[in-house]
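First up is the structure itself, then whatever we jot down about it.
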Amino acid sequence: MVSFRGVSRRRCSRTVFCAAAFLLGGCASAPAPATHVVSPTGFVYELGTPPVAGRFSQTAALYLSKELVDGALERALGGIDSEPANPIHYLLAGLAYAQFAQYSEADAMFTDAQRIYPAYELDIAPQREAAWIELFNQGIAAYSEGDVEGAIEAWKLAEMMWDLRPDASLNLAGLFKDQRRWDDAIGAYQRAIAGLERKPVTRVLPQEELHAREEQRIRTEASLAELLLFTDRFAEAETLLRRHLERDQTSVRVRADLAAALNESGKETEAVAIYTGLLSETGLEAKDLFNIGIALYRANDFMAAAEAFERLTNLQPNSRDAWFNYTNSLFAAESWESLAAVGDRLTEVDPLGESAGLIAARAHLELGDEQSAVEGLDRTESAPIHLEGLRLLTSGPGTSILGQVVGNAAEPGTSVRLRFTFYGTNGALGTEPFTVSAPSQGTRERFEVSFAGQATAYRYELLSPPIP
């Protein structure tokens with residue numbers, strides 16, 4: 001989200017009345033020449049129907065110049081009724097509605113005026129920008145007073161009136177994300193990008209401003225692609241990510257995100273090719289390694305998946321999920337020697353995981369170490385409960401662990417005390433105690449552990465009762 005700061009009014013506060021004075025000056029008192037109009041930026045307008053001033057428009061313009069807006073609007077609307085094909089009356093009505101802060105009506109009138117006479121954009125664009133500044137600052141004021149809905153309303157009107165500056169749209173995207181209104185946030189990002197791709201018609205932008213707009217568009221597309229991935233809109237994300245990849249083919253994040261989008265869209269072959277290439281590189285982040293490992297596992301390339309998860313455990317040495325996926329990749333590859341040590345490490349961070357214990361015991365058995373295999377099986381069978389289906393979810397500033405408690409050796413109703421430890425990129429963030437009543441053997445019950453912080457990894461320990 002951009003910083004919520006007001007925008008200075010660079011133009012005269014009486015822009016509307018300046019425009020009205022221009023109309024009174026006689027420039028629109030006769031039909032415009034039957035030729036195309038070219039904007040200062042080189043845009044050529046179709047001729048359309050040129051404006052013709054008459055008694056309604058001259059009187060409305062006079063009223064506007066005297067700040068008699070009621071009379072101006074009445075005369076402009078009368079002109080529309082009398083001459084519905086004459087664009088000058090729509091322009092004047094739009095100016096009056098804007099003064100009344102009736103922006104939806106002003107937008108409709110400006111749109112009609114420009115539809116009839118396209119070159120009116122040169123007169124309308126400054127009026128739209130002035131309205132945008134007013135509305136944007138209204139949104140800033142509302143937000144600073146805690147009126148979020150008022151800010152949203154003002155910024156949506158600002159978007160409608162003028163879209164060449166992305167600030168209102170980006171602010172809306174941020175607020176919608178805070179409210180988990182994902183589709184609305186996506187729409188706001190898309191409108192910001194559309195505006196950044198347009199150029200003003202009334203002035204030529206200097207190179208530094210063009211460069212700044214292009215950089216802003218790239219950043220906004222990246223935010224949009226991330227949200228599209230999050231909301232499973234993979235095809236749309238793919239289009240943006242491919243465009244970014246054309247600009248920067250070295251970006252690990254773009255390639256990893258594109259591979260994730262391709263993988264979820266059923267284009268596994270292309271996704272695996274990208275992931276395999278990424279795996280040969282250094283400096284990958286935990287998220288990248290996780291996605292690479294999952295994709296390679298799904299493609300049945302178990303040893304490559306194991307390599308990705310092994311590197312993930314180096315970054316997150318206490319991550320239950322990293323060790324769980326590393327173990328399962330080695331198990332699928334039947335890499336028993338490596339699996340024996342890795343499986344034992346998994347049981348340290350996932351002591352109540354039944355599959356963790358069984359996999360570790362199987363690895364020792366395959367290596368001929370029957371004693372270690374039996375000890376592992378006994379430990380698994382003696383666990384008071386088992387935990388299954390563990391998932392880490394982040395939402396806003398918090399983190400949750402979801403899963404199922406499965407009754408095992410403990411008597412039903414026995415209190416089982418656990419301690420979850422949560423980790424970020426720089427180490428441990430904190431712990432969260434959790435107590436659950438043991439269900440009857442084989443019975444499953446859902447549970448959730450919440451932590452007030454954004455964690456990327458976790459482990460847990462059994463405090464009591466101990467495993468015999």
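The values are calculated or read from the model by the stated rules, or taken from the named source; none is laboratory data. On a predicted model such as this, the values are computed, not experimentally measured, just so you know. Because the Cβ atoms are built from the backbone with ideal geometry, glycine has one as well, and the counts that use them run over all protein chains shown. Only protein heavy atoms, including side chains, enter the accessible area calculation; ligands, DNA and RNA are left aside. Shrake-Rupley method; radii C 1.70, N 1.55, O 1.52, S 1.80 Å.
Could you count how many residues in the stretch 74-122 are of a type in the set (Lys, Arg) and more than 40 Å from the chain's Cα centre (by Cα)?
The qualifying residues number 1.
Do you know which residues across the stretch 69-122 are of a type in the set (S, T, N, Q) and closer than 17 Å to Tyr45 by Cβ?
Across the stretch 69-122, the qualifying residues are Thr111, Gln114.
Checking the structure you have, find out if any residue of the stretch 325-340 is at pLDDT 95 or above and under 29 Å from the mean Cα position of the chain (by Cα).
yes
Select from the stretch 260-270 the residues that are outside any loop (DSSP other than H, G, I, E, B), modelled with pLDDT under 90 and either closer than 21 Å to Leu227 by Cα or touching a strand residue (DSSP E or B) at 6+ places or on another chain (Cβ under 7 Å) (or both) and list them in ascending order.
Matches in the stretch 260-270: Ala260, Asn263, Glu264.
Just to be sure before I move on: is Gly403 under 20 Å from Glu337 (Cβ atoms) and either modelled with pLDDT of 95 or more or assigned to a loop (DSSP other than H, G, I, E, B) (or both) in the structure I sent?
No.
Among residues belonging to the stretch 42-66 that are in contact (Cβ under 8 Å) with a residue 60 or more places away in the chain and in contact with a Phe, Trp or Tyr (Cβ under 7 Å, 6 or more places away or on another chain), point out the one that is nearest to Ala93 (Cα to Cα).
Only one residue fits best here, namely Pro51.
Considering only the stretch 74-95, I want to know if a residue exists there that is under 18 Å from Glu159 (Cα atoms) and basic (Lys, Arg).
no
In this structure, is Gly389 part of a loop (DSSP other than H, G, I, E, B), without any contact (Cβ under 8 Å) to a residue 40 or more places away in the chain and either open to solvent by 40 Å² or more (accessible area, probe 1.4 Å) or of a type in the set (Val, Ile, Thr) (or both)?
Criteria not met by Gly389.
Which number in (1) without any contact (Cβ under 8 Å) to a residue 40 or more places away in the chain; (2) more than 22 Å from Thr313 (Cβ to Cβ); (3) in contact with a helix residue (DSSP H, G or I) (Cβ under 8 Å, 6 or more places away or on another chain) marks the one condition that Phe434 misses?
All conditions pass for Phe434, except number (3).
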